[in-house]
Amino acid sequence: MLYQMSPFFQKYARVTTGATPDTVGLIFAVLPFSAFVFSVPAMGFIARHGPRVALASGLLLLACSSLMFGLSDTVSGWFFWRAVQGAATAPIYSSVAVMFANTFHGPGEFAWVNGIQEAMANIGFAVGPTMGGILFQWGGFFAPFAVSAIGHLLFVAFSLFAPTGAPPVHDQVESLLDDEEVVVAGLRDILTKEILLIGFFGSLDPVYAGHLLDSLGDISESTIGSLMGLPAVPSVGLALAVPFLMEKYSGHKVMTFGILLVSLTSILLGLSDPSAVEIVGWGLTLEPGSRGQWVLQVTLGLFVGSASVFGWTPVMPDMMEKAAKQVADRRGISMQAATAIVSPAVSSLFNAGAAIGEAVGPIGGGMLMARIGFAGTYVLLGLVFLIYGLALVMVPWSR
C-alpha cells in the first residue's frame, strides 16, 4: 500500500505542481529516511509497551497520514505527510520482526518464516501498484490513499490479537547494544548488501513509470501499475525457495548470485530505454510500443523481481544467525536464548539499514535521471553491482 502511488505520482506531481524528477525522488525518499530516524526510538517504544501495542499504534498513525497525503495538493504537504508515514512504519516493521524472531527461533525456522513473509510482501508489491493505478483512474488522486487508510485500520484489529512470541524485551536491547562486536558485524552487512540492494530497487520508484511510458507509448496508469507490480510475481515463489537454497549453499552464495543478477538486469534495463543509443552509445534498438519492446520490458520486469529475491531475502536471517552465534559463543548460552537476545537490536539495525537504502535510492535515481538519463543511470548502477558482486566472490573478508 505504501508504494501504490508509483504508477501515477510522477506524472500527477509534474502536471499539477511542476515537480521535477529530483523533487519526486525526494518525496519518495522522505518516507524511508523518516523510518530510519525513528527506528531506534521505535525499539524503545516496543521495549516499554510491547510489540502488539507498537504495531497497532504504527498502523493507526499510518492510516491517518495516508489519508492526509491523499488530501494534499502541494509538494510541501506531500513531503510532510510522507515523512509521517515513515515514522509510522518504524514500529510496524520492528514489531513484526521481533514477533517472528521470538516465536520462531529453532534451527532454520526464522529463515523459513522470513521467506514466507517476503513472499507475502511480494504479493503486496504486485497488487499495490496495480490497485493504485486502477483506483487512480476510477476515483482520482484521493481514492488510492483512502482505500489504503481503510486497509490499515482493519489491520489494527488484527494486530491487537497477534501473537507476540516470547518474553519482554526490556533488557534484551541494552544487552546486545552493549556488545560492540555484534553491532559492528551487523552494520557491515547493512552498509553493503542492504543499502546497495534496497537503494537499487528504491531508485526505480520515481523513474520507472517514465521509462515504461517512453518504451511502450501512451499506456494507462492501471497498465503501468500492472507492469510495476510484475517484478513481484516471480518473487512470491522464489522467496519460498530461498531458505532451502541457503541451507544447501549458504546465505552468502545466494546473496552473491542475486547481486550479480541485479547487475545484469540493471544493465539490460538501461540499454532497453529508447535514449540508450544517444546516452550510452549503444542500446537494444527496438521500436517504442512494438511487440518486441513489450516482450523485453515484461521479461526485464520478471528479472528485476528474481534478482531482488536472491539478493535481499537472505540478508535478515543471515544477520540474525551471525549475531546470535556470536552472542551464544561469547556467553555460553543456547542459540535459542541468543536469538531472543539479539532479535530486537538486529531487527532495528536491519530496518534502519533498509530505510537508508530506500531513502538514498529514490534521491539518487531522481538526480542521476536528471543528469544522465534512464539509460545512463542503470548501466552505471549495473557496473557498480558487477564490481561489488565480483568482490563478494573473490575477496575473503566479504564472506
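The values are calculated or read from the model by the stated rules, or taken from the named source; none is laboratory data. On a predicted model such as this, the values are computed, not experimentally measured, just so you know. When we count neighbours, we look across all protein chains shown, and the Cβ atoms used for this are built from the backbone with ideal geometry, even at glycine. Note: areas computed on protein heavy atoms with side chains; ligands, DNA, RNA excluded. Shrake-Rupley method; radii C 1.70, N 1.55, O 1.52, S 1.80 Å.
Among the residues of the range 226-238, those that are in a helix (DSSP H, G or I), open to solvent by less than 40 Å² (accessible area, probe 1.4 Å) and touching a Phe, Trp or Tyr at 6+ places or on another chain (Cβ under 8 Å) comprise MET228, GLY229, ALA232, SER235.
Condition check ((1) closer than 23 Å to ALA121 by Cα; (2) among the small types (Gly, Ala, Ser); (3) surrounded by fewer than 23 Cβ atoms within 10 Å (Cβ to Cβ)) across all residues:
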site: PRO7; (1), (2), (3): yes, no, no
site: ARG14; (1), (2), (3): no, no, yes
site: ALA29; (1), (2), (3): yes, yes, no
site: GLY44; (1), (2), (3): no, yes, yes
site: GLY50; (1), (2), (3): no, yes, yes
site: LEU67; (1), (2), (3): yes, no, yes
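Is it the case, given these coordinates, that VAL277 is without any contact (Cβ under 8 Å) to a residue 60 or more places away in the chain and surrounded by fewer than 24 Cβ atoms within 10 Å (Cβ to Cβ)?
Values: without any contact (Cβ under 8 Å) to a residue 60 or more places away in the chain: yes; surrounded by fewer than 24 Cβ atoms within 10 Å (Cβ to Cβ): yes.
When the stated conditions are applied, VAL277 passes them.
Checked against (1) modelled with pLDDT of 85 or more; (2) crowded, with 24+ Cβ neighbours inside 10 Å; (3) under 20 Å from the mean Cα position of the chain (by Cα); (4) over 21 Å from VAL113 (Cα atoms), TYR388 passes all but a single condition, namely (2).
Could you check, for the range 185-206, whether at least one of its residues is at pLDDT 80 or above, basic (Lys, Arg), open to solvent by 10 Å² or more (accessible area, probe 1.4 Å) and part of a helix (DSSP H, G or I)? No, there is no match, as no residue in the range 185-206 is at pLDDT 80 or above, basic (Lys, Arg), open to solvent by 10 Å² or more (accessible area, probe 1.4 Å) and part of a helix (DSSP H, G or I).
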